[in-house]
Amino acid sequence: MTPDPGPLDGLTFRRWMAHWATGVSVVTAREFETDAGLTVNALLSVSLAPPSLLVSLSRDADTTPIIERSGRFAVSFLAFDQRPVSERFARTISSGEKFRDLPFHRGPNGLVLLDGALGGAECRVVSKTPAYDHLLILGEVVHLESGREVEPLLFHRSGYSEAVGNDTVRLPKRP
Ligand SMILES: Cc1cc2nc3c(=O)[nH]c(=O)nc-3n(C[C@H](O)[C@H](O)[C@H](O)COP(=O)(O)O)c2cc1C
């Protein structure tokens, strides 16, 4: 492995993390009858008993304080053909624009779960841990559902996988 020269700044770290391939999810929340949501790939399952999930959310994201206050969030795992959804939820735009003409349904707790996703979950926040410019939000899963049995949307080298035919995805090309 080649040691990376240069200072350990955020940009260097972001480029290095680009080697780590992930799935892509949309995390949604709701407060005062208004939905919010953002694209998230910093997500991990933490425990099985009880089932719990952790997401790392920027303090700057509009959705983060809504989750902090409402104590709930939902997760939808995106499928290979939901790249436009990921791109939409990665922009700081109004709630109206984020959810306009978007096919979704609500879980038993009233949170948005995206139609066409691979799976969805609703969580109750059990802890919020400050982590520099992010907040680590641990949620106990209170509702789970399975979605389409198709290929996932993947994120690698700062780009998205592409569909190749009906049942194969290709990772972003090497620069
Ligand atoms: C593939 C991808 C993954 C992302 N993962 C995260 C993440 O894990 N945590 C985070 O806070 N932001 C993440 N973002 C950035 C947010 O989606 C983005 O800042 C969004 O505009 C926040 O929306 P909001 O301010 O309306 O809540 C990601 C963006 C992309 C494209």
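Within the stretch 129-147, track down each residue that is among the charged types (D, E, K, R) and surrounded by 14 or more Cβ atoms within 10 Å (Cβ to Cβ). I'd like the intermediate steps shown before the answer.
The initial filter retains those residues of the stretch 129-147 that are among the charged types (D, E, K, R), namely 133, 140, 145.
Matches in the stretch 129-147: E140, E145.
Looking only at the stretch 22-34, which residues are more than 11 Å from the ligand (Cβ to nearest atom) and either in a strand (DSSP E or B) or within 19 Å of S86 (Cβ to Cβ) (or both)? Walk me through it before giving the result.
Let us first name the residues in the stretch 22-34 that are more than 11 Å from the ligand (Cβ to nearest atom), namely 30-34.
Residues satisfying the conditions are R30, E31, T34.
With within 9 Å of the ligand (Cβ to nearest atom), surrounded by 15 or more Cβ atoms within 10 Å (Cβ to Cβ) and either farther than 26 Å from N166 by Cα or touching a residue at least 60 places away in the same chain (Cβ under 8 Å) (or both) as the only criterion, which of F73, F80, F89 stands out?
F89
One residue is enough: does the stretch 47-63 have a residue meeting the conditions over 14 Å from the mean Cα position of the chain (by Cα), aliphatic (A, V, I, L, M), outside any loop (DSSP other than H, G, I, E, B) and more than 14 Å from the ligand (Cβ to nearest atom)?
yes
Considering each of D101, D81 in turn, give the residue that is out of contact with any His (no Cβ under 9 Å at 6 or more places or on another chain) and under 26 Å from R14 (Cα atoms).
Only one candidate qualifies: D81.
Quick one: would you say D81 is in a loop (DSSP other than H, G, I, E, B) and under 26 Å from H105 (Cβ atoms)?
Answer is yes for this residue.
Pairs needed: first member in the stretch 143-166, under 18 Å from L43 (Cα atoms); second member anywhere, assigned to a loop (DSSP other than H, G, I, E, B) and of a type in the set (S, T, Y); C-beta distance under 7 Å; at least 6 residues apart or different chains.
Final answer for the pair search is L153/S161; L154/S161.
For residues in the stretch 30-46 being closer than 17 Å to S95 by Cα and under 12 Å from the mean Cα position of the chain (by Cα), which is surrounded by the most Cβ atoms within 10 Å (Cβ to Cβ)?
Looking at residues that are closer than 17 Å to S95 by Cα and under 12 Å from the mean Cα position of the chain (by Cα), I get G37.
Considering only residues that are of a type outside the set (F, W, Y), at pLDDT below 95 and in contact with an Asp or Glu (Cβ under 8 Å, 6 or more places away or on another chain), which ones fall in the stretch 8-55?
T12
Could you list, in sequence order, the residues of the stretch 107-125 that are part of a strand (DSSP E or B) and over 14 Å from the mean Cα position of the chain (by Cα)?
Scanning the stretch 107-125 gives R124, V125.
I'd like the full set of residues that are away from the ligand (no atom under 14 Å from the Cβ), more than 16 Å from the chain's Cα centre (by Cα), farther than 21 Å from L114 by Cβ and among the aliphatic types (A, V, I, L, M), limited to the stretch 126-145.
V126 - this is the single residue of the stretch 126-145 that is away from the ligand (no atom under 14 Å from the Cβ), more than 16 Å from the chain's Cα centre (by Cα), farther than 21 Å from L114 by Cβ and among the aliphatic types (A, V, I, L, M).
Give me the residue from the stretch 92-110 that is more than 13 Å from the ligand (Cβ to nearest atom) and of a type in the set (A, V, I, L, M, F, W, C) and, out of that set, most open to solvent (accessible area, probe 1.4 Å).
Within the stretch 92-110, the match that is most open to solvent (accessible area, probe 1.4 Å) is F104.
Please identify the pairs in which a residue from the stretch 55-69 that is within 17 Å of E31 (Cα to Cα) has its Cβ atom under 7 Å from the Cβ atom of a residue that is near the ligand (Cβ under 6 Å from one of its atoms) and in a loop (DSSP other than H, G, I, E, B), counting only partners at least 6 apart or on another chain.
Close Cβ pairs satisfying both conditions: D62/T92.
Mind checking which residues of the stretch 111-128 are of a type outside the set (A, V, I, L, M, F, W, C) and open to solvent by 20 Å² or more (accessible area, probe 1.4 Å)?
Scanning the stretch 111-128 gives D115, G116, R124, S127, K128.
The values are calculated or read from the model by the stated rules, or taken from the named source; none is laboratory data. From a predicted model like this one, the values you see are computed outputs, not experimental measurements. Because the Cβ atoms are built from the backbone with ideal geometry, glycine has one as well, and the counts that use them run over all protein chains shown. Protein only, heavy atoms only, side chains kept; ligands, DNA and RNA dropped before computing areas. Shrake-Rupley method; radii C 1.70, N 1.55, O 1.52, S 1.80 Å.
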